[in-house]
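Laboratory data are not the source of any read-out in this text; all were calculated from the coordinates shown. Just so it is clear, the model here is predicted, and its values are computed rather than measured. In this analysis, Cβ positions are derived from the backbone assuming ideal geometry, glycine residues included, and neighbour counts consider all displayed protein chains.
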Ligand SMILES: Cc1cc2nc3c(=O)[nH]c(=O)nc-3n(C[C@H](O)[C@H](O)[C@H](O)COP(=O)(O)OP(=O)(O)OC[C@H]3O[C@@H](n4cnc5c(N)ncnc54)[C@H](O)[C@@H]3O)c2cc1C
């Protein structure tokens, strides 16, 4: 490796990938490590779960993302620990030493101290999660179509989404569209109204943090699609076959957890105190206080915005931070002037509401309906990594939304579906309570 400094980037998400893309004009050796061999475009995961898009539409191999170049290595491995004293990272299959370390390992679901709820719910964080949820949705419909027991059918066709932030709202809208298109077109024995989607939220409104009037518009559109909104209703328990919320026992074969996130367990690895959401507080240049060789970015970093609140977990935040850290590292290596302190440029937030509808909360503009969807679609298409993906996504949107035809609904395997649903049976706990 000679005297070239070694930069190790942990995670090929929005943050890590941006560092790697920008760190090209230096003599540094760069190693990017991710536990997957692909970069995932999380903002479209709900469309994979609802059978609008396919896995390859929203994920791309990291090696293809980062064209081969002198000094660049891409590795697939899982981070197991970080030793700052010896400046090394322990992975499942190797140990690497670093001169600069960038940590961008993203976030996971948080169950507010009820880890037992993880096994009873579906989440929407990874390609695996979304594919598993899609299989569950399709199995529920197949089993309901084959059943003559009205109570069992009702249970199979009931879905609860916990958490009305952007992910929960987008997913509820996509599921509602799916039930209207796929069910109406192809399951003669099921009426689309038989599919019950309940969105449960502890706060008195949906999409906290977004413009209130836009959020009201989103709530109205969800209700129009048949989604039942339970606001101001914290979930008290998650059972084998449903949830208890606001004292009500809502029976549902499929419960999807979109209520909370927490950063990957990096604070322990770095030997620092975690902040809210397990995030790690960083300095103005996004390095760890007292350790200028280590940077923490994206969903892992706790950075205060100009309004005094922590920056949200958004792809735009992660990308801007990745760009900034690349500049800081290049300046340090080349001995040039350091960039000014990191400042997030807020370009707003958008939430899709299914077929040709969205809301867009931009700094100087509030959009809703089709115009907002058009903007959402253009921005997301623009952020997808390659032309092939853009083409397929546009085609799949046309097919799903214009032709009102759901995407491919192939149940590849029931393997790994240890849930009772794979056998078409209710869980014993529900039979007892029924
Ligand atoms: C369903 C959903 C919808 C969203 N919608 C939007 C949206 O509409 N707009 C928006 O701006 N943001 C959205 N977000 C948030 C956005 O995706 C995140 O803020 C962004 O991905 C954060 O980037 P990151 O690089 O910090 O983490 P990530 O993009 O999550 O990348 C982390 C990487 O680290 C890897 N990794 C994790 N642990 C390990 C380990 N131990 N070893 C090796 N590798 C590891 C992962 O495989 C992953 O590739 C959404 C998120 C979700 C889940």
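The mean sequence separation of alpha-carbon pairs under 8 Å and at least six residues apart, normalised by the residue count of segment 298-389, gives a relative contact order of 15 percent. Residues 291, 57, 285, arranged from fewest to most other Cβ atoms within 10 angstrom of their Cβ, appear as 291, 285, 57. Here the chain carries DSSP beta bridges of which approximately 50% are antiparallel, counting only pairs with both residues inside. Quick check on segment 1-105: of the DSSP beta bridges with both residues there, what percent are antiparallel, nearest 5%? Given both bridge residues lie in segment 1-105, the antiparallel proportion sits at roughly 40 percent. Highest GNM mean-square fluctuation among 336, 26, 198, for the chain modelled with Cα contacts below 10 Å: 336. You can think of it this way: the chain between residue 220 and residue 80 has 45.9 nm of extra reach, that is 0.36 nm per residue less the Cα-Cα gap. Cβ-to-Cβ counts within 10 Å put 398, 330, 76, 210 in ascending order as 398, 76, 330, 210, the fewest first.
Note: relative contact order over segment 70-193, using C-alpha pairs below 8 Å and six or more positions apart, is 10 percent. If you take the Cα centroid of segment 201-256 and the Cα centroid of segment 152-200, the two points sit 13 Å apart.
Based on the Stokes-Einstein relation at 10 °C and a viscosity of 1.306 mPa s, and on the Kirkwood radius from alpha carbon pairs, the chain is assigned a translational diffusion coefficient of 69 µm²/s.
Taking only the alpha carbons of segment 339-393, we obtain Rg and Dmax values of 13.6, 43 Å in that order. Taken along its three principal axes, the alpha carbon spread of segment 250-350 comes to 62, 34, 23 Å, from the longest extent down to the shortest. Counted by neighbouring Cβ atoms within 10 Å, the residues 411, 82 run from fewest to most as 411, 82. The label point for residue 383 and the one for residue 97, both projected 7 Å from the Cα toward the Cβ, are 3.9 nm apart. Spread over its residues, the convex hull of the C-alpha atoms of segment 186-247 is 115 Å³ per residue.
On a 0 to 90° scale, report how tilted helix 315-334 is relative to the longest principal axis of the chain, with both axes built from alpha carbons and the result rounded to the nearest 10. Result, in degrees: 10. Along its first, second and third principal axes, ordered by size, segment 217-263 spans 31, 31, 20 Å in Cα coordinates. Against the chain, whose longest principal axis is taken from its Cα atoms, helix 370-383 shows a tilt of about 40°.
Quick one: if the Förster radius is 35 Å, what FRET efficiency do residue 337 and residue 69 give, using the C-beta to C-beta distance and rounding to 0.05? Taking R0 as 35 Å, the efficiency between residue 337 and residue 69 is 0.85.
Axis of helix 387-397 versus longest Cα principal axis of the chain: the two differ by about 20°, to the nearest ten degrees. Structure remark: mean-square fluctuation, Gaussian network model of the chain, C-alpha springs under 10 Å; the largest value among 183, 379, 328 belongs to 379.
For the chain, what is the relative contact order in percent, using Cα pairs closer than 8 Å and at least 6 residues apart in sequence?
The value is 18 percent.
Highest GNM mean-square fluctuation among 260, 241, 113, for the chain modelled with Cα contacts below 10 Å: 113.
Straightening the chain between residue 88 and residue 151 buys 17.0 nm, computed as 0.36 nm per residue apart minus the Cα-Cα spacing. Once a ≥ b ≥ c are taken as the square roots of the eigenvalues of the Cα gyration tensor of segment 20-91, is the result rounded (a/c under 1.5), prolate (a/b larger than b/c) or oblate (a/b not larger than b/c)? Taking the square roots of the gyration eigenvalues as a ≥ b ≥ c, segment 20-91 is oblate.
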